[in-house]
Amino acid sequence: MSSENNIAGMLRYFVALIILIHGLIHFMGFSKAFGYGNIQQLTKFISRPVGILWLSAAVLFIISAILFAVKKDSWWMVGIPAVLLSQVLLILAWHDAKYGTVINIILLIICIVSYAAWDFNRMVKKEVAALLEQPFKQTGFVSNEMISKLPPVVQKWMQHAGVVGKPIIQTVRLKQHGMMLTKPGGKWMDFTANQYFSTGKPAFNWQVKVNVMPLIYLTGRDKYENGKGEMLIRLLFLKTIVDSKGSPEIDQGTLLRYLSEMSWFPSAALSDYITWEAIDDHAAKATMSYNNITASGIFFFNERSDVIGFEAMRYGEFNGKASLEKWHIESKDFKDFDGIRIPGKSEVTWKLKDGDFTWLKVELLTVEFNKSEPF
C-alpha cells in the first residue's frame, strides 16, 4: 500500500507541476500586451485589458497548483474559473495558442473529478457529524454488576477485553486498511477506510477507497442509521456502480454488520437492543432488534475469552439476486486500543454451496472511543 501511496503522491505533484507550467505560460499574453520582452510566440495584437486577463489566468493557475499540491479538496473552485478563462483567451489567440486547449481539457476533467470527490466527501462529513452528535444514552463506567446478567462466556469476554471499570463506549472512530475481492477468483484490491459508530442509537458510517489499478479507484460509503442500511459505490466519484437501500435485505445485512463489528467496542454488548443466549463455554448467540428488524449471530471465543469468530445467516447478492447465506468472520491478532483488547485483524467469508468465498481481509490501524469529532 505504501507503493500505491507513493505513486499517488508522485502523480499529484506531477499534475500540480503541469498546472503551474500551464499557468506560467499565460504570462506571455500579459507580457505581449504590456511590451515586456520580445514575445514572438504570440503574433496577434493583445490589448492591455486582455493582457490583464492573461495575468489573471496565470495567477489562478498558480493558486490552483498550490492548492492541488497540498490536497485542498476545494481547489477546483479556483481551477474551473482558471480553465474557462484560459480557454476564452486561447480562442482569441487561436492560431498561436490552440494547443493549450488539450491541457485545458485534461485539467477540466481533473476538476470535474475533484468536484465529485468534494461533493461526495461533503455528504459523508455531514452524515458522520450527525452520527457523532447523537446524545449519549448512557454515561458512567462499566461495572461487574452491569455484566452479571450476561452469559458467563460473554462476561469473561468483557472482563478479558478490559471494559470493566472503563467508560461506557458511546462512539467509535477507526482507520482500516486491507484487501478485498468483488467476485470469486478475482484480483485482490487494496483499500483504506475510515469508520464511525454510535451505540446509543446503533449506527455506523464506513467510507472506503479501493485501488482497482493505477489511477483507477472505487469510492464507497456503507451506512447503518435508524435501522436502515445503505450502500453507495462510485467509480472515480463519478459513475455510480452500486446504490442499494430501502430493502429488508439491505437493512438486515447492515444490522448484522453492526452486530459483528461490536467486537471492536465490547461494552455495546450491554445495549438494550441486544439480547444474549448461552450456547456453551465458547459460544453465545446475540440477537439484535432495532426499528422492526431482527437478526441473530453467534460469537465464538477461545480459551482466553477473546472473540475469534462470528457467524450468521446474512443476505448477500449472488448471481444477480439476494439470497440468505452463511456469513463468517474470523478474528485474530488481538491488540489494545485505548486500553480495550480487540481483534486487530479479521477475514470475512461467505460459506456458499459452491465453496468458501473469502472476500475481505481487514486490519485496524487506529481505534479511538468516545470522540465527538471526525478524523
Exercise. Which FRET efficiency value, to the nearest 0.05, do you get for residue 289 and residue 74 by plugging their Cβ-Cβ distance into 1/(1 + (r/R0)^6) with R0 = 56 Å?
Worked result: 0.85
Exercise. So how many Å³ per residue does the convex hull of the Cα atoms of segment 117-271 work out to?
Worked result: 138 Å³
Seminar exercise, completed: Computed over segment 140-369, the relative contact order (Cα-Cα under 8 Å, seq sep at least six) in percent reads 19 percent
Exercise. How would you rank 257-263, 21-27, highest first, on the average number of other Cβ atoms within 10 Å across their residues?
Worked result: 257-263, 21-27
For this session: Can you work out the PRE-style zone for residue 141? Point 7 Å along Cα to Cβ, and I want the residues of segment 352-373 with backbone N under 18 Å.
Result: 369-370
For this session: Report, in whole Å, the centroid distance computed from the Cα atoms of segment 340-375 and segment 93-131.
Result: 33 Å
Exercise. Using mean Cβ contacts within 10 Å as the protection proxy, how do 30-41, 281-292, 190-201 order, highest first?
Worked result: 190-201, 281-292, 30-41
Exercise. Given Cα pairs under 8 Å that are at least 6 residues apart, what percent is the relative contact order of segment 281-375?
Worked result: 16 percent
Exercise. Given that just one value was derived from the coordinates, which of (1) 53, 21, 17; (2) 30, 26, 20; (3) 33, 23, 20 is semi-axes √(5λ) of the Cα gyration tensor in Å?
Worked result: (1)
For this session: State whether segment 259-375 is rounded, prolate or oblate according to the following rule on the C-alpha gyration tensor (a ≥ b ≥ c being the square roots of its eigenvalues): a/c under 1.5 gives rounded; otherwise a/b larger than b/c gives prolate, and the remaining case gives oblate.
Result: rounded
Exercise. Within the P(r) computed for segment 180-301, what percentage of the Cα pairs occupies the region above 16 Å?
Worked result: 66 percent
Problem set entry | Cα gyration tensor, segment 2-115 - rounded (a/c under 1.5), prolate or oblate | prolate
For this session: Kindly express, to the nearest 10 degrees and within the range 0 to 90, the angle between helix 48-69's C-alpha long axis and the longest C-alpha principal axis of the chain.
Result: 30 degrees
Seminar exercise, completed: Distance in nm between residue 365 and residue 313 label points, each 7 Å along Cα→Cβ, equals 3.9 nm
Seminar exercise, completed: For segment 88-122, listing chymotrypsin sites (Phe, Trp or Tyr not before Pro) in a DSSP loop whose Cβ sees at most 16 other Cβ atoms within 10 Å gives 99
For this session: Given the peptides 54-61, 320-327, arrange them by the average over their residues of other C-beta atoms within 10 Å, most packed first.
Result: 54-61, 320-327
Problem set entry | At R0 = 35 Å, FRET efficiency that the Cβ-Cβ distance of residue 21 and residue 133 yields, to 0.05 | 0.20
Problem set entry | Cβ charges +1 (Lys, Arg) and -1 (Asp, Glu), total dipole of segment 2-115, debye | 220 debye
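Computed from the coordinates by the stated procedures, all read-outs in this text should not be read as laboratory data. This one's a predicted model, so the numbers in the text were calculated from it and none came from an experiment. Cβ coordinates were reconstructed from backbone atoms using ideal geometry, including for glycine residues, and neighbour counts include every protein chain displayed.
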